[in-house]
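S.K.: Here's a structure for you.
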Amino acid sequence: MDMFLQLLVTGIMVGGLYGLVALGLVIVYKSSRVLNLAHGGFLMILSYVAWQFAEPWGLPMWLSIVLVMGIAVVLGYGVERIILRPLTGQPILATIIVTLAMFEALEGIQTLGWAGLTQGYHNFIPSTAIALGPVFIEQHYLWSFVVAIVLFLAFLAFFRYSRHGLAMQIVSEDHQVARSLGIDVRTVFAQTWVIALIIAAIAGILYGALHVIDVENANIGLIKALPVVLLGGLESLPGALVGGIIVGIAEIVGAGYIDPLVGGGSADIIPLTLMLLILLIKPYGLFGWVRIERI
Amino acid sequence: MRPAGTFDVSYAEDMAIVRTRLQWILVALVVAFIIALPNFSGLYWLNVIILMGITLIAVFGLHITTGLCGQINLGQSAFMAVGAYTSAILTNALGAEWFLVVLPLAGINAGIVGTIFGAPSLKVKEFYLAMATMAAQFIIVYLLIHSDEFLGTTLFGGPNGLGVPPANIFGFFEFGTDFKMYYLVMALVMIMGLLALNMTRTRVGRAFVAIRDNDLAAEVMGINLFYYKLLSFFIGCFFAGIAGALWAHYFYYIQPEQFTLHNSVWYLGMLVVGGMGSVLGTVFGTVFITLLDALAYNVAPFISAALPYLPQNITYVVGIILFAIVVIVFLIYEPRGLAHRWRIFKASYRLWPYAY
Amino acid sequence: MKSRIFKIMVLGMLALSLLAMPLLAACGQKDAPAPAPTPAPAPKPSPAPAPKPSPAPAPKPTPAPAATRTVKVGYIAGFTGPLAEGTKEAFAGAKAVFDWANETNYIPGLKVEMVSGDDQYQAAKVMQAYKQIQAEEPIAFLSYPAGNADVLKEVMRRNKTPLVNYGGGNFSIDPPGWVFVTVAMYDTQQFAVLKWINENWDVAREGRPARFAHLAWDNSMGTSSIKPGMLYAEQLPLVDYVAAEVAPSGTMDFTPYITRLKQKDPDFIYMALVTPPAISAVKTGIAMGIPKEKFMYFDYVTFMWGAMLRAVGNEVVEGAFVGTSFYHYTIDTPGMQKFWGIWDKYSGLQRPVGLAALVGYNPGLVLLEGMKRAAATTGADKITGEDIYKALQTIKDFNPGTMVPVTFGPDIRDGAREMLIYKVKDGKIYLVGDVDKPIDGGNPHPSEILAAAAAAAAKK
């Protein structure tokens, strides 16, 4: 029972972080119908940039985070403007391949800039755990969960109440309608990319602090975040959080109890298997929009 | 478009792949070049070309699944792994001389596995399907590592990998060197290339294209989506299986970690650069990207030497970034790929000196 | 219709050529392997701009035998890509050995030149790198990441060139082939640790056997040692093998594994071949209340140690056990002094911090010994890969002074059977015990353990 509780709590905490990563995917997809498969790559590269500021250059952590967000803004705007905008109207396949190519390029850039070396943030979040009875919660997990929840609430409020947020909502419904309402769809695309990369930067720093900063971190955008968005629905912001927590629990609890039966190593497979099942049973996820196609 | 004065007077001529005398001469020259190549290529380039041929077969498969039928497949490399393991296990069990029997079995087995993972294509498409096939990439590799534990056998070699004997024709002839392997690979590339080329012109191929252009409209026209979508996965993965088997018998050693998502992405990139839906484009794309990678491999050391302040030797980086840039540039500026450029060139050549 | 005749001709040619391919292949190259029929200038880029130290041969003309033959040794490693940093040092270490040998005329009448191929740390490119340097006809090979040994084993056998690799997976040594592995295999390492615990466990104070747990990675390096280790532990009275956890090699969340390990309350948590996620595992373990002294890092100091310290800081590994077959730099033996002399003179690099320099130096030294023995029996002027292969098998208790003694044999391809166990104290690494007498000697071979266990099972 203690073990179950421990795994459950950790699963929820991890799930919050997965939800945060998935949020970046959902925001971009909602507005521009581009599933950014390179999201994990951006997450990884921005976490290295933050490390570069904080460790070799010795800036305080808060300043590094602010600077990285600035870089994320420039990067997000640039990527949308230079790479994604010319692809508007191309078949979906084009965006899939372009984002995958960006993913490869970002791995290359990491090797160029940081030589593929593993790094870590020191003195950022204390590494001791908080004990709640039998359950240990690492402070990293707790922090990332709290930050994820706060960001979620902030973005939900942003989309519900702010003018820009509402514009993004309309764009996600229908580009034509949005244009007729006087919304510049292209500006909205750029804004969503900027927001997504800021989220990627935060998630990357949290993930790097939680574990290590490594090239492999990029995979979180593929093998963890994709099951999450699929479960929650590609268009749903709350779906990302709910999906994230479900996937987090499934992965951690599943690995805890299934691994002894199958000889280990199942943690990476559980989310993907879950994803395949969802695809077969309820392809548009819990909160996604079922698209009705007409000829 | 046809050159002026070329008319078809019989069905045979109408159906011909190679039409004009110039084309025949070109075909003959290409074949002669392919046959003569290993005599002057050198070991390194021979290796590059053999790998290119193996890749080409896998990309032909991708051309059918993704290029013709429009069903995106991000797991081609994993389906190659299925073919490689099938061939390796069967030749280890039966003996290498059964290679010619095992080869189609490897393809069929990969095709069946591909069909299973392509099943979500019935309900979903686009991103959703991309995710399903990507899941296949990871799940298949996991299963290959753990099959032995589940089955209690030592067939798969687990994470240690598996030794593979060289390909062999019924004990008479062994493809034991690169030189011999080259001809086996090239023969198969030609056969599979012809299959892929003819696929476009069959009923099945036309159904694939209809599904790619609009699957709902295709269904209304009476095309059985269930059957044809799965068929496209079967055929595409059959090609991957053949490529995987050749890979296994070329390296003499396979291990699940050789078949990565990275490879699958590169195969898709080759397809895009060459031009979706064209066999010639597939060839162009594969040759182009492979040569680009080889170029990076050979040129990067000089760049490194010239710019010593770069953090490290940059071969790996140059290759991977060149690939990404080329794919992105092609998608933005020439989404129909090299094949389209070739068509434009051909048309202007035939019309010269007139503009149209 | 003449076009038809033409067409038939070409088609016939095509068909003929398809048929002729195997035939051509058959006669084209009767004696298969090494030198392709390529007089053409092979492309000769050396992807690693290796440090070029060797200030031309000895200043004073040695009374060399009339003709000096120059042979080539290939070095295949990930000069670019994720392992580039360590590879640079490893290559420099290996090259320093041969430069030193050339200058001191270590093998009379034989000079060695190194050629390098870059595998970019990708399995598919290993073969490419091999072919690239095969064109220069090296008579032996060295290679750096352990996985290369598996990939190259079969081509080495076919082309009759020996490969001395730093490490290797189980496939590379079983069945014995042309691959020789210098560092102890993962199962041998674990035996050494189990035996060491058995001998040093203070049973009087604790009143129970030591509880040993293994946190493994789901790849050939991680999982292969679990079963032999468990069988071996059964024979040891003072060690209980309580748990073996297998985590996916890409995972970062170790809570499930650490939680289960913690329930078993182990005294030692053994981790071999640690990829970056290991750091995450240790962080999680410490946060969940497992004392950091319980972690044992094996085969880790060799090349990942720097990453470990960079990512978590020195304090996390304080008090932990570390093991490898190589001597650490803090150890002062004649062999290590010789190493420093050679390194400082020939490598052209700063003194290294990780053990990657020894990762190149030690296999280089072993290969040099093999070449010397081969040259002694067959003569330097006609030495071939096969001679070196045979000579390497005769190496017995060869002590480079920078690692534990190496022994090969007709059926033995893993040279090292011993481990050195270190402890981290005040941020430095100290050998546990005496340097002259390695802590553990003569560990059983994995196959012996498995055979003994099978016999015991049969008796039951």
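S.K.: Of these, B:Ile64, B:Ile57, B:Ile50, which one is in contact with an Asp or Glu (Cβ under 9 Å, 6 or more places away or on another chain) and modelled with pLDDT of 90 or more? Break it down into steps so the answer makes sense when it comes.
M.R.: Details: B:Ile64 fails: in contact with an Asp or Glu (Cβ under 9 Å, 6 or more places away or on another chain); B:Ile57 fails: in contact with an Asp or Glu (Cβ under 9 Å, 6 or more places away or on another chain).
The unique qualifying residue is B:Ile50.
S.K.: Quick check: anything in the stretch A:240-256 over 30 Å from A:Gly116 (Cα atoms), within 12 Å of chain C (Cβ to nearest Cβ), free of Cβ contacts under 8 Å to residues at least 40 places away in the same chain and of a type outside the set (A, V, I, L, M, F, W, C)?
M.R.: First pass over the stretch A:240-256, keeping only residues over 30 Å from A:Gly116 (Cα atoms): A:240-243, A:245-246, A:249-250, A:253-254, A:256.
When the remaining residues are screened for being within 12 Å of chain C (Cβ to nearest Cβ), the result is A:249-250, A:253-254, A:256.
Okay, now just the ones that are also free of Cβ contacts under 8 Å to residues at least 40 places away in the same chain, so A:254.
Filter again for of a type outside the set (A, V, I, L, M, F, W, C), leaving A:254.
Among the residues of the stretch A:240-256, at least one is over 30 Å from A:Gly116 (Cα atoms), within 12 Å of chain C (Cβ to nearest Cβ), free of Cβ contacts under 8 Å to residues at least 40 places away in the same chain and of a type outside the set (A, V, I, L, M, F, W, C), which makes the answer yes.
S.K.: Looking only at the stretch C:233-269, filter to residues that are more than 7 Å from chain A (Cβ to nearest Cβ), assigned to a helix (DSSP H, G or I) and of a type outside the set (Ser, Thr, Tyr); which one of those is nearest to the chain's Cα centre (by Cα)? Give the steps one after another, and end with the answer.
M.R.: Of all residues in the stretch C:233-269, those more than 7 Å from chain A (Cβ to nearest Cβ) come to C:233-244, C:249, C:254, C:257-258, C:261-262, C:264-269.
Pick out the ones that are also assigned to a helix (DSSP H, G or I) and you get C:233-235, C:257-258, C:261-262, C:264.
Filter once more, so that each one left must be of a type outside the set (Ser, Thr, Tyr): C:233-235, C:258, C:261-262, C:264.
Numbers: C:Ala233: 26, C:Glu234: 29, C:Gln235: 29, C:Ile258: 29, C:Leu261: 30, C:Lys262: 32, C:Lys264: 33 Å.
Filtering the stretch C:233-269 for residues that are more than 7 Å from chain A (Cβ to nearest Cβ), assigned to a helix (DSSP H, G or I) and of a type outside the set (Ser, Thr, Tyr), the one nearest to the chain's Cα centre (by Cα) comes out as C:Ala233.
S.K.: State whether the residues of the stretch C:138-145 include one that is free of Cβ contacts under 8 Å to residues at least 12 places away in the same chain, farther than 21 Å from C:Val404 by Cβ and of a type outside the set (A, V, I, L, M, F, W, C).
M.R.: Our first condition is that a residue be free of Cβ contacts under 8 Å to residues at least 12 places away in the same chain; within the stretch C:138-145, this holds for none.
Taking every residue of the stretch C:138-145 in turn, none turns out to be free of Cβ contacts under 8 Å to residues at least 12 places away in the same chain, farther than 21 Å from C:Val404 by Cβ and of a type outside the set (A, V, I, L, M, F, W, C).
S.K.: Quick one: in the stretch B:143-156, of everything that is farther than 14 Å from B:Gln258 by Cα and touching a residue at least 24 places away in the same chain (Cβ under 8 Å), which residue is nearest to the other protein chains (Cβ to nearest Cβ)?
M.R.: B:Phe156
S.K.: So, A:Val26, is that one in contact (Cβ under 8 Å) with a residue 12 or more places away in the chain, part of a helix (DSSP H, G or I) and over 27 Å from C:Leu309 (Cβ atoms) or not?
M.R.: Working: in contact (Cβ under 8 Å) with a residue 12 or more places away in the chain: yes; part of a helix (DSSP H, G or I): yes; over 27 Å from C:Leu309 (Cβ atoms): yes.
Yes: the conditions hold for A:Val26.
S.K.: Just the residues that are of a type in the set (A, V, I, L, M, F, W, C) and either free of Cβ contacts under 8 Å to residues at least 24 places away in the same chain or surrounded by fewer than 15 Cβ atoms within 10 Å (Cβ to Cβ) (or both), please, taken from the stretch C:337-358.
M.R.: Of all residues in the stretch C:337-358, those of a type in the set (A, V, I, L, M, F, W, C) come to C:339-340, C:342-343, C:349, C:353, C:355-358.
If the condition is that a residue be of a type in the set (A, V, I, L, M, F, W, C) and either free of Cβ contacts under 8 Å to residues at least 24 places away in the same chain or surrounded by fewer than 15 Cβ atoms within 10 Å (Cβ to Cβ) (or both), then C:Trp340, C:Val353 are the ones that fit.
S.K.: Let me spell it out: the conditions are (1) more than 20 Å from A:Gly116 (Cβ to Cβ); (2) in a strand (DSSP E or B), and C:Leu152 meets all of them except one. Which number is the exception?
M.R.: For C:Leu152, the exception is condition (2).
S.K.: Take the stretch C:175-195 and flag every residue that is out of contact with any helix residue (DSSP H, G or I) (no Cβ under 7 Å at 6 or more places or on another chain), crowded, with 24+ Cβ neighbours inside 10 Å and part of a helix (DSSP H, G or I).
M.R.: Once the filter is applied, which keeps residues that are out of contact with any helix residue (DSSP H, G or I) (no Cβ under 7 Å at 6 or more places or on another chain), crowded, with 24+ Cβ neighbours inside 10 Å and part of a helix (DSSP H, G or I), the stretch C:175-195 yields C:Gln189, C:Ala192, C:Val193.
S.K.: Only one of these conditions is not met by C:Ser225: (1) surrounded by 24 or more Cβ atoms within 10 Å (Cβ to Cβ); (2) within 14 Å of chain A (Cβ to nearest Cβ); (3) over 28 Å from C:Ala287 (Cβ atoms); (4) in contact with a strand residue (DSSP E or B) (Cβ under 9 Å, 6 or more places away or on another chain). Which number is it?
M.R.: Status for C:Ser225: all satisfied but (3).
S.K.: Working only within the stretch B:53-79, note down all residues that are within 11 Å of another protein chain (Cβ to nearest Cβ) and either surrounded by fewer than 24 Cβ atoms within 10 Å (Cβ to Cβ) or part of a helix (DSSP H, G or I) (or both).
M.R.: Hits for the stretch B:53-79 are B:Ile54, B:Thr55, B:Thr66, B:Gly67, B:Ser77.
S.K.: Answer yes if at least one residue in the stretch C:385-400 is surrounded by 14 or more Cβ atoms within 10 Å (Cβ to Cβ), at pLDDT below 85, β-branched (Val, Ile, Thr) and in contact with a helix residue (DSSP H, G or I) (Cβ under 9 Å, 6 or more places away or on another chain), and no otherwise.
M.R.: The answer is no, given that none of the residues of the stretch C:385-400 is surrounded by 14 or more Cβ atoms within 10 Å (Cβ to Cβ), at pLDDT below 85, β-branched (Val, Ile, Thr) and in contact with a helix residue (DSSP H, G or I) (Cβ under 9 Å, 6 or more places away or on another chain).
S.K.: Can you tell me which residues in the stretch A:205-239 are without any contact (Cβ under 8 Å) to a residue 60 or more places away in the chain and of a type in the set (Val, Ile, Thr)?
M.R.: A:Ile223
S.K.: Checking A:Gly263 against (1) in contact with a strand residue (DSSP E or B) (Cβ under 7 Å, 6 or more places away or on another chain); (2) in contact (Cβ under 8 Å) with a residue 12 or more places away in the chain, only one condition comes out false. Which one?
M.R.: Checking A:Gly263 against (1) in contact with a strand residue (DSSP E or B) (Cβ under 7 Å, 6 or more places away or on another chain); (2) in contact (Cβ under 8 Å) with a residue 12 or more places away in the chain, the one that fails is (2).
S.K.: Residues that are under 22 Å from the mean Cα position of the chain (by Cα), at least 2 per element: which helices (runs of 4 or more DSSP H) completely within the stretch A:83-180 meet that?
M.R.: On the way: elements: A:92-114, A:139-161, A:163-173, A:175-180.
Correct list: A:92-114, A:139-161, A:163-173.
S.K.: For B:Gly111, are the conditions met, namely being crowded, with 19+ Cβ neighbours inside 10 Å, more than 14 Å from chain C (Cβ to nearest Cβ), touching a Lys or Arg at 6+ places or on another chain (Cβ under 8 Å) and at pLDDT 85 or above? Walk me through how you get there before you give the answer.
M.R.: On the way: crowded, with 19+ Cβ neighbours inside 10 Å: yes; more than 14 Å from chain C (Cβ to nearest Cβ): yes; touching a Lys or Arg at 6+ places or on another chain (Cβ under 8 Å): no; at pLDDT 85 or above: yes.
No; evaluated as a whole, the condition is false for this residue.
S.K.: Further, regarding this structure: Test A:Ile269 against the stated conditions and say whether it is touching a residue at least 40 places away in the same chain (Cβ under 8 Å), more than 30 Å from B:Ala218 (Cβ to Cβ), β-branched (Val, Ile, Thr) and facing another protein chain (nearest Cβ under 10 Å).
M.R.: Values: touching a residue at least 40 places away in the same chain (Cβ under 8 Å): no; more than 30 Å from B:Ala218 (Cβ to Cβ): yes; β-branched (Val, Ile, Thr): yes; facing another protein chain (nearest Cβ under 10 Å): yes.
No; evaluated as a whole, the condition is false for this residue.
S.K.: So, one more: Filter the stretch C:395-406 for residues that are without any contact (Cβ under 8 Å) to a residue 60 or more places away in the chain and closer than 14 Å to C:Val164 by Cβ and give the result.
M.R.: Going residue by residue through the stretch C:395-406, those that are without any contact (Cβ under 8 Å) to a residue 60 or more places away in the chain are C:395-398, C:405.
Scanning the stretch C:395-406 gives C:Ile395, C:Phe398.
S.K.: Any chance you could count how many residues in the stretch B:170-229 are in a helix (DSSP H, G or I), among the β-branched types (Val, Ile, Thr), within 14 Å of chain C (Cβ to nearest Cβ) and more than 14 Å from B:Val279 (Cα to Cα)? Lay out the reasoning, then the answer.
M.R.: Of all residues in the stretch B:170-229, those in a helix (DSSP H, G or I) come to B:178-199, B:203-213, B:215-220, B:225-229.
Restricting the remaining residues to those that are among the β-branched types (Val, Ile, Thr) gives B:185, B:189, B:191, B:204, B:209, B:211, B:220.
Checking the rest, the ones that are also within 14 Å of chain C (Cβ to nearest Cβ) come to B:185, B:189, B:191.
Imposing the further condition that a residue be more than 14 Å from B:Val279 (Cα to Cα) reduces the set to B:185.
Summing the residues that are in a helix (DSSP H, G or I), among the β-branched types (Val, Ile, Thr), within 14 Å of chain C (Cβ to nearest Cβ) and more than 14 Å from B:Val279 (Cα to Cα) in the stretch B:170-229 gives 1.
S.K.: Looking at A:Val26, is it more than 10 Å from every other protein chain (Cβ to nearest Cβ), crowded, with 23+ Cβ neighbours inside 10 Å, in contact with a Ser or Thr (Cβ under 9 Å, 6 or more places away or on another chain) and not acidic (Asp, Glu)?
M.R.: Numbers: more than 10 Å from every other protein chain (Cβ to nearest Cβ): yes; crowded, with 23+ Cβ neighbours inside 10 Å: yes; in contact with a Ser or Thr (Cβ under 9 Å, 6 or more places away or on another chain): yes; not acidic (Asp, Glu): yes.
The answer is yes for A:Val26.
S.K.: Out of all the residues in the stretch B:344-352, is one or more surrounded by 21 or more Cβ atoms within 10 Å (Cβ to Cβ) and more than 8 Å from every other protein chain (Cβ to nearest Cβ)?
M.R.: no
S.K.: Can you pull out every residue in the stretch C:272-294 that is more than 9 Å from chain A (Cβ to nearest Cβ), crowded, with 21+ Cβ neighbours inside 10 Å and outside any helix (DSSP H, G or I)?
M.R.: Listed by number, the residues that qualify are C:Ala272, C:Leu273, C:Val274.
The values are calculated or read from the model by the stated rules, or taken from the named source; none is laboratory data. Keep in mind that what you see is a predicted model, and the values were worked out from it rather than measured. Don't worry about glycine lacking a Cβ; one is built from the backbone with ideal geometry, like all the others, and counts go over all protein chains shown.
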